[in-house]
Amino acid sequence: MLALVTYDVSVSDKAGRTRLRKVSKVCQNYGQRVQNSVFECIVDNTQLTELKIKLLEIIDTNVDSLRVYNIGNNHKNKVEHFGTKKALDLEDVLLF
């Protein structure tokens, strides 16, 4: 299924900048960045739960914001893209 993860981490201090880097690294392990603070992640239910737990351990809910949208398995019919930075199809074959 496709999950969309968005976050807004307060970077007014060093701790916030550290949290921002940590959130980004965790998200990169599950998906691809499609905007500055937006990741598309192809995950199953267990991985999505694991991802949310890891992110909630990092963010400070008093000053940061995290949103997770479960788009589901039929996501190719639900997502439209316009403009630059066309995303890779994470379910397609990748050649290096």
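The values are calculated or read from the model by the stated rules, or taken from the named source; none is laboratory data. What you see is a predicted model; the values in this text were computed from it and never measured. Heads up, the Cβs are rebuilt from the backbone with ideal geometry, glycines too, and the neighbour counts pull from every protein chain shown. Please note that ligands, DNA and RNA were not included when accessible areas were found on the heavy atoms of the full protein model with its side chains. Shrake-Rupley method; radii C 1.70, N 1.55, O 1.52, S 1.80 Å.
Hey, quick one: spin label on VAL11, modelled 7 Å out along Cα-Cβ, who in region 20-58 has an amide N within reach, i.e. under 13 Å? Once the point is set 7 Å along Cα→Cβ of VAL11, 20-25, 36-38 turn out to lie under 13 Å by backbone N, inside region 20-58.
Heavy-atom accessible area for SER10, with the other protein chains in place and a 1.4 Å probe, reaches approximately 30 Å².
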